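Beneath this line is the structure, given in structure tokens, with notes to follow.
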Amino acid sequence: MNCVIDLFSDEPVPAETWLRCGIRRVKELPALASTQLLVCTCELMKVGGHAGLFGGRLVLAGTGRALGSLWSHLQGGQSPRSLRADPAKVDAAATAATEAAFAEPWVVVVDPRLGCFVPGDPVEVLDGKKGWRGVVSGKAGEGSYFVEDQSRKLHNVAAERLRVDELVAPAL
């Protein structure tokens, strides 16, 4: 069919013979072979590039280890094991860092999104015109929290009435 008029014509469309179909397919073979060869070449180049990249990394890593071992040996170390740290020194340094972190003042950061408060978050409770400050002590249920006021009394407060007390903690 060459156009829309052929759709409505009463004349039958001649079918392609087996011979013509075979000749047409044979004519398409060089194009098909060249595209398949191009695809195979591209895939081989890609695999070769990856192999070259990883091989280069392996050579550089091996050279670096060899030079490090040589340097360690020249500095008086017995083997690459001399590059490892003493576990007693590592434990002492980690303990000292932890004690120093606890000794310094902390910065409290609170997530202000609705329903994201956790126990210990400083909040401001909105009660009409007058509000009060407190600390979240736990989740009371879906959409509400237990908030402890300054006199240590617990209140069940809806999440919509809570906001971060920005005088105490900066919001994210």
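Values in this text are rule-based calculations from the coordinates and carry no lab data. Quick caveat: nothing in here was measured; it's all calculated off a predicted structure. Every residue, glycine as well, gets a Cβ built from its backbone with ideal geometry; the counts of neighbours run over all protein chains shown.
Among HIS50, HIS155, the order by Cβ neighbours within 10 angstrom, fewest to most, reads HIS50, HIS155.
Just rank PHE8, PHE54, fewest to most, by other beta-carbon atoms within 10 angstrom. Before the final figure, lay out each step's value.
Working: PHE8 6, PHE54 10.
Placing the least packed residue first, the sequence is PHE8, PHE54.
Based on alpha-carbon atoms, the Kirkwood radius and the radius of gyration of the stretch 109-172 give Rg/Rh equal to 0.91. For the stretch 109-172, a simple Cβ point-charge model (Lys and Arg +1, Asp and Glu -1, everything else neutral) yields a dipole of about 180 debye relative to the Cα centre.
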